[in-house]
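The structure appears below as structure tokens.
The values are calculated or read from the model by the stated rules, or taken from the named source; none is laboratory data. Since we're looking at a predicted model, the values are computed, not measured. When we count neighbours, we look across all protein chains shown, and the Cβ atoms used for this are built from the backbone with ideal geometry, even at glycine.
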Amino acid sequence: MLPVVVVHGGAGYIPKERSELSISGVCSAVQAGYTILQGEGSSMDAVVEAVIQMENNPAFNAGCGSVLNIKGEVEMDALVMDGKTLGSGAVSAVRNIANPIQLARLVMDKTSHACLTAEGASQFARSMGIPEVPLESLITEYSRMRWKKNLAPDANPVECQMLGTVGAVAVDKEGNIACATSTGGMLNKMEGRVGDTPIIGSGGYADNLLGAVSTTGHGETIMKITLARLILFHMEQGQSAEAASDLGLAYMKSRLEGLGGVVTVDPQGHWAARFSSNYMAWAAAQEDTLHYGLYTGEHFTQKA
């Protein structure tokens, strides 16, 4: 069964004209991660590379293409977690960084902390030699258009909230598990708002003994039920990756009317991509086969 990598490109409303971009984006990202696993790379290397691919793709709400806060600025969050050691690293409200997921990994690898925020994270990035990029380079015309549209009093919140958080989970040939999640957050959010993405147990969780989850959806709702850890709790109780994912998402919907999606793996390499929203772009690679889909019940395959 091993190795395997599974990615999501965000749950929520995806306009038809952008659905093909989302699908091709997750497929490219998962293949980049799978190539690393095939070349004896670690699960952590694989999930970080997959997420970097999506942060660099303006089709997603992460890195370049991030949604804008109320002031029309980018503030991004990211998380990594290593299932072997339970080591984790996160950043929140970072602005001038092209790939927040790389910075999150450096927090894990180079500091004794789990999360750095805002200016402190920027200072750390400079000390690590991570180049700052102009804020404008992360803002797409599409993001600016949606920001302006959402300022209108009659804005449609459903149409405006395309929750394109990206994430990945993987198991490598050694059986080590990792997760990575990155986001630009919520469209027209208050300055300084931080969602579920950089919060251990909410935006993601990885444990070699249980599995790994990366989440997407309405951050405030996900945090209230610690969705990633809730799913792994169900797996601890003997549920499959798919059943546990469905149970976690069903609880979030029944308890809080919250919609979202997850990608999940167990230590044996069984995987799931599940969502309660209408759409979630996802892809998985395992045994030289690429799996992908966008709508509920959709599952296509081709050679990886």
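Key figures
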{"item": "Residue ID - farthest from Val166 (Cα to Cα), chosen from residues in region 78-94 that are of a type in the set (S, T, N, Q) and out of contact with any Cys (no Cβ under 8 Å at 6 or more places or on another chain)", "result": "Thr85"}
{"item": "Leading residue by the ranking (nearest to Val107 (Cα to Cα)) among those in region 214-231 that are at pLDDT below 95 and among the small types (Gly, Ala, Ser)", "result": "Gly219"}
{"item": "Test: residue in region 177-194 that is in contact with a helix residue (DSSP H, G or I) (Cβ under 6 Å, 6 or more places away or on another chain), among the charged types (D, E, K, R) and under 21 Å from Asn69 (Cβ atoms)", "result": "no"}
{"item": "Selected residue (only one of Ile222, Ile231 is closer than 14 Å to Leu259 by Cα, without any contact (Cβ under 8 Å) to a residue 40 or more places away in the chain and surrounded by 24 or more Cβ atoms within 10 Å (Cβ to Cβ))", "result": "Ile222"}
{"item": "Selection count where residues are surrounded by fewer than 18 Cβ atoms within 10 Å (Cβ to Cβ) and outside any strand (DSSP E or B), scope region 259-304", "result": "9"}
{"item": "Near pairs, Cβ below 9 angstrom, 6+ apart or cross-chain, from region 110-135 (more than 25 Å from Ile200 (Cα to Cα)) to any residue that is exposed (fewer than 15 other Cβ atoms within 10 Å of the Cβ) and among the charged types (D, E, K, R)", "result": "Glu132/Arg126; Leu135/Glu73"}
{"item": "Where a residue in region 38-54 is without any contact (Cβ under 8 Å) to a residue 40 or more places away in the chain and its partner, wherever it lies, is among the hydroxyl-bearing types (Ser, Thr, Tyr) and assigned to a helix (DSSP H, G or I), with Cβ under 8 Å and at least six apart", "result": "Gln53/Ser28"}
{"item": "Single condition Val263 does not satisfy, out of (1) without any contact (Cβ under 8 Å) to a residue 40 or more places away in the chain; (2) of a type in the set (Val, Ile, Thr); (3) closer than 23 Å to Asp172 by Cα", "result": "(1)"}
{"item": "Test set (1) modelled with pLDDT of 95 or more; (2) under 18 Å from Leu227 (Cα atoms) - Gly258 fails condition number", "result": "(1)"}
{"item": "Odd one out for Ala206, checked against (1) in a loop (DSSP other than H, G, I, E, B); (2) closer than 20 Å to Asp45 by Cβ", "result": "(1)"}
{"item": "Residue, surrounded by the most Cβ atoms within 10 Å (Cβ to Cβ), within region 1-36, restricted to residues that are modelled with pLDDT under 95 and in a loop (DSSP other than H, G, I, E, B)", "result": "Ile14"}
{"item": "Qualifying residue in region 237-254 (condition: part of a loop (DSSP other than H, G, I, E, B) and under 20 Å from the mean Cα position of the chain (by Cα))", "result": "no"}
{"item": "Residue under evaluation Gly192, criteria (1) surrounded by fewer than 18 Cβ atoms within 10 Å (Cβ to Cβ); (2) within 21 Å of the chain's Cα centre (by Cα); (3) not in a loop (DSSP other than H, G, I, E, B), criterion not met", "result": "(3)"}
{"item": "Matching residues, region 39-82, being of a type in the set (S, T, N, Q), in a helix (DSSP H, G or I) and within 18 Å of Ile97 (Cα to Cα)", "result": "Gln53"}
{"item": "Looking only at region 75-96, and only at residues there that are buried (at least 24 other Cβ atoms within 10 Å of the Cβ) and among the β-branched types (Val, Ile, Thr), the one that is nearest to Asp45 (Cα to Cα)", "result": "Val80"}
{"item": "So Gly211, is it over 17 Å from Gly9 (Cα atoms), surrounded by 24 or more Cβ atoms within 10 Å (Cβ to Cβ) and at pLDDT 95 or above", "result": "yes"}
